[in-house]
Amino acid sequence: MARLDRRAFLGRGALAAVSASAAGILGPSGRASAIPPIGRTRPSHMKLSLAAYSYRDLLTAKPPRMDLFGYADLAADMGLDAIEPTSYYFPADAAAEYLRRLRRHAFLLGLDISGTAIGNNFCLPPGPRRDAELAHARLWIDRAAELNAPVIRIFSGSVPKGSTEDQAVDWAVAGIKESLAYAAGRGVMLALENHGGITATPAQLLRLVKAVDAPNFGVNLDTGNFHVEDPYAAIAELAPFAINVQVKTEVQRQGKGKEEADLARIVAILREARYSGYVALEYEADEDPLAAVPRHIKTLRQLIG
């Protein structure tokens with residue numbers, strides 16, 4: 001069977017003829033995006049999830065003030081559709097039995113596991129450190145499959161000292177492609193986040209998306225991570241490529257401090273791009289998450305419907 005590349009896969013179901021402006025694939029500069037966006041033709045359908053990272057201080061306290069089961073309970077109390085249990089907060093030796101127990105716990109609460117998230121660095125030359133990063137990705141692909149999590153948020157990394165960005169991009173692309181080949185066999189998608197380094201701007205991220213071009217790959221759109229002059233324009237440029245969205249309650253413009261995010265504007269951008277899938281609140285602001293998260297979830301629920 002011939003390989004189904006990303007262009008063919010994502011183009012299925014798209015309208016036969018559609019202008020770039022109608023499809024929403026023009027960036028703020030009017031340039032066409034690097035490759036066709038996901039071929040979504042139906043109205044946006046969003047569901048609400050919550051990243052465990054929102055409770056990071058509670059989950060990592062000594063002793064912990066919360067575990068992943070308690071976090072799932074809180075999500076259910078807030079009437080969420082799903083949870084996004086970040087990999088950092090699992091026991092280091094989490095076995096299949098633990099993963100199944102968490103999956104069952106979430107299911108009985110009426111929650112999906114919308115995905116998980118790992119910290120990785122593929123901007124490394126061949127060698128033991130790179131091998132360890134690739135092994136870590138494979139471990140979490142297996143764990144995601146056990147959790148019935150359809151997608152994993154991944155990073156690319158940053159340019160190592162003494163290397164060029166072109167070298168870092170080549171290493172990252174190779175690492176992503178190798179991981180995607182393994183993920184395909186487990187039915188898992190990988191979503192690359194705009195997380196500084198070689199993904200700090202829409203152009204940098206789209207360079208990687210174009211180079212990878214795989215059917216089980218897309219963008220993890222983090223609405224708080226573009227520290228550019230107009231973060232909302234950057235969000236709009238990447239939204240057509242998103243397969244997962246993490247919403248922050250703050251944005252930061254280039255050269256300025258943090259400001260409260262316009263959540264209504266962000267949801268409108270996603271709806272205009274016909275984004276369908278999970279929107280996970282990833283709370284990072286200073287207020288106590290036990291007080292702040294329910295308030296922001298209520299706002300997002302009203303906006304998403």
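The values are calculated or read from the model by the stated rules, or taken from the named source; none is laboratory data. Worth saying up front: this structure is predicted, and the values here are computed from it rather than measured. All Cβ positions, glycine included, derive from the backbone under ideal geometry; neighbour counts span all protein chains shown.
The set of residues in the range 226-235 being part of a loop (DSSP other than H, G, I, E, B) and crowded, with 21+ Cβ neighbours inside 10 Å consists of F226 alone. Residue pairs whose Cβ atoms lie under 9 Å apart, sitting 6 or more positions apart in sequence or on different chains, and linking a residue in the range 275-302 that is within 16 Å of H45 (Cβ to Cβ) to a partner that is acidic (D, E) and part of a strand (DSSP E or B), are Y278/E84; Y278/D112; A280/E84.
Do the conditions hold for R129, that is, is it in contact (Cβ under 8 Å) with a residue 24 or more places away in the chain, over 23 Å from T299 (Cα atoms) and surrounded by fewer than 17 Cβ atoms within 10 Å (Cβ to Cβ)? For R129, the condition - in contact (Cβ under 8 Å) with a residue 24 or more places away in the chain, over 23 Å from T299 (Cα atoms) and surrounded by fewer than 17 Cβ atoms within 10 Å (Cβ to Cβ) - is not met. Contact map, the range 240-262: first residue exposed (fewer than 15 other Cβ atoms within 10 Å of the Cβ), second residue in a loop (DSSP other than H, G, I, E, B), Cβ cut-off under 6 Å, separation 6 or more or different chains; pairs are Q254/H227; Q254/V228; Q254/E229. Restricting A168, A181 to residues that are more than 21 Å from A96 (Cα to Cα) and free of Cβ contacts under 8 Å to residues at least 40 places away in the same chain narrows the list to A181.
On the given criteria, is F90 surrounded by 12 or more Cβ atoms within 10 Å (Cβ to Cβ), modelled with pLDDT of 95 or more and touching a His at 6+ places or on another chain (Cβ under 6 Å)? Answer is no for this residue. When the range 193-223 is filtered for residues that are assigned to a strand (DSSP E or B) and of a type in the set (D, E, K, R), the ones remaining, listed by number, are E193, D222.
If only one of I269, I243 is of a type in the set (A, V, I, L, M), in contact with a helix residue (DSSP H, G or I) (Cβ under 6 Å, 6 or more places away or on another chain) and modelled with pLDDT of 95 or more, which one is it?
I269 is the lone residue from the list that is of a type in the set (A, V, I, L, M), in contact with a helix residue (DSSP H, G or I) (Cβ under 6 Å, 6 or more places away or on another chain) and modelled with pLDDT of 95 or more.
The criterion of being outside any loop (DSSP other than H, G, I, E, B), surrounded by fewer than 19 Cβ atoms within 10 Å (Cβ to Cβ), at pLDDT 95 or above and touching a Pro at 6+ places or on another chain (Cβ under 8 Å) does not hold for A291.
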